[in-house]
Amino acid sequence: MKKSIWVFLLPALLAVFLAACTDSGSSNEEMDHENMDHGDMEEMDAGDMDMEGEEGDASSDRLDEFAAAPTEMNENAVNNLVTMNTKNITRLNAENPEDTAVLTSQTVWPATHAENQPGTVILAPLENWQFSLAAADLIHHPNDGPVLFMENGEVSEQTLNEINRLNPKGNVDGAQIMIMGDASENTLGQLGEYETQQINGEDAAGFAAEIDRIYAEVSGGEFPNGVIVVSSEEEAKLYSLIAINWIAHMAEPVLYVDNNGIPEATIAALEEREEADIYVLGPDAIISSEIEKELAEYGNVTRIAGEDPVTTSIEFAKFKDEDSSFGWGLAEPGHGLSFVSSSTSDLALAAAPFSHLGKHSPLIWLEEGEVTETVYEFLAQIKPTFTDEPQNGPYNHGFLIGSDAAVPFTTQGILDDKLEIVSEDGGGHGGH
């Protein structure tokens, strides 16, 4: 059966966002949607989606106002800054994936006591984004841990110090560190006091299928029915990486296709499901319609795509399959968002845990670190408003990943404003 759904800059979907991960570290407490049946999903019609009248949503007559870019800029705003955080934006001020991974780890896992220590640290190869992306599926419970990086099989002192700080408790099989790919003898010796598990694969498709198998094994032996199919080709990177926050958030893995078609390892993984729910991420130019048709032999196929990586990230943030509960379904205020510049895309590999715990934030690309029209429009659709008392919310919050060189403070100020809760009638916060 084939279902092909194209979503090009549609208005926000009417759906309820289901936060799946919990902070307890217990696999029994996570939201599980993998066994839900899928029915036929009708093609979505923009005319059926209406946000007016929803409490806390922007009224339609103010959407244009909320989506407007600022016109009067203050050049002095960037002078003499002593903080890079603002009220609605938490910035991880780092320029490379290794530093970003450590900052993310320390933000998400304070590790002050057993309840907020990670179970397992995922040690991924910095030089191989395809392996690191697939490995993010292991962030989720029951492993419940960050991705940290090694480079050419070596682990830095900074990363080793963070592993020691975290003091991972181990997953249900006792593994405290899961090593993705090859590690040097030196690295294995440095990690000698920990229980380790090494995962290898001949290529991207084989590695992703192995991650799928191991996640199913560690989480009770059942494969999630849903999968996200992405391309392992270099030109597809900005589209494929959009999946990382979801697979860190929920059980569905990524499986790879390439320009030659569907690799055998991917076919074998799909055949583990009787009738898989297959979500193809990216437009025809990235994953062809011919491959989409071939995938339909293994289950129900739904394509999620925009015209470019930025719009595709937004369409995925809005997408919801009501039959399977797959997808973020951001159609109303009260959410977290993770912003990364398209010029520093590898930082998204390190920041994926912001979708696992805390505010469960999908990834939104900023084109070369700037807020583009499609991002303005999306943020306007989920702009929080209040009628009487702003302290009752709802609130949005952003995580901005990268230094000022990648995402200027001016961009941060704009995002902070667009996430801010405002009076529904335009009267401001006077009297509060």
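Values as computed for the structure displayed
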quantity	calculated
The listed residue being among the polar types (S, T, N, Q) and at pLDDT below 95, out of N128, N143, N164	N143
Pairs with Cβ under 8 Å, 6+ apart, first in the stretch 51-76 and under 11 Å from K383 (Cα atoms) and modelled with pLDDT of 85 or more, second assigned to a loop (DSSP other than H, G, I, E, B) and of a type in the set (A, V, I, L, M, F, W, C)	F66/A58
Residues located in the stretch 164-186, provided they are surrounded by fewer than 20 Cβ atoms within 10 Å (Cβ to Cβ) and polar (S, T, N, Q)	N164, N167, S184, N186
Residue count, the stretch 200-214 (criterion: under 18 Å from D173 (Cα atoms) and either in contact with a Cys (Cβ under 7 Å, 6 or more places away or on another chain) or touching a residue at least 60 places away in the same chain (Cβ under 8 Å) (or both))	3
Flag for I179 being touching a residue at least 40 places away in the same chain (Cβ under 8 Å), within 29 Å of Q117 (Cβ to Cβ) and in a helix (DSSP H, G or I)	no
Residues located in the stretch 187-205, provided they are over 20 Å from V102 (Cβ atoms) and over 22 Å from the mean Cα position of the chain (by Cα)	L188, G189, G192, E195, Q197, Q198, I199, N200, G201, E202, D203
Matching entry among G299, G327, G306 (being crowded, with 24+ Cβ neighbours inside 10 Å, in contact with a helix residue (DSSP H, G or I) (Cβ under 9 Å, 6 or more places away or on another chain) and touching a residue at least 60 places away in the same chain (Cβ under 8 Å))	G327
Complete set of residues in the stretch 237-271 that are within 22 Å of L357 (Cα to Cα) and among the charged types (D, E, K, R)	E252
Matching residues, the stretch 117-132, being within 12 Å of P168 (Cβ to Cβ) and not hydroxyl-bearing (S, T, Y)	Q117, P118, G119, V121, I122, L123
Pick from the stretch 347-388, criterion hydroxyl-bearing (S, T, Y) and over 20 Å from I401 (Cα atoms), ranking: surrounded by the fewest Cβ atoms within 10 Å (Cβ to Cβ)	T387
Spans of strands (runs of 3 or more DSSP E) in the stretch 67-152 with at least 1 residues touching a helix residue (DSSP H, G or I) at 6+ places or on another chain (Cβ under 6 Å) and not assigned by TED's automatic domain parsing to the domain that holds E185	89-92
Meets criteria (at positive phi and either assigned to a loop (DSSP other than H, G, I, E, B) or small (G, A, S) (or both)) for G201	no
Lone qualifier among I278, I262, I291, I267 - being in contact with an Asp or Glu (Cβ under 7 Å, 6 or more places away or on another chain), at pLDDT 95 or above and farther than 29 Å from P118 by Cβ	I262
Residue within the stretch 392-399 that is surrounded by fewer than 18 Cβ atoms within 10 Å (Cβ to Cβ), over 20 Å from the mean Cα position of the chain (by Cα) and in contact (Cβ under 8 Å) with a residue 40 or more places away in the chain present	yes
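The values are calculated or read from the model by the stated rules, or taken from the named source; none is laboratory data. Treat the numbers as computed from the prediction; the structure is a model and nothing was measured. Every residue, glycine among them, receives a Cβ derived from its backbone with ideal geometry; neighbour counts consider all protein chains shown.
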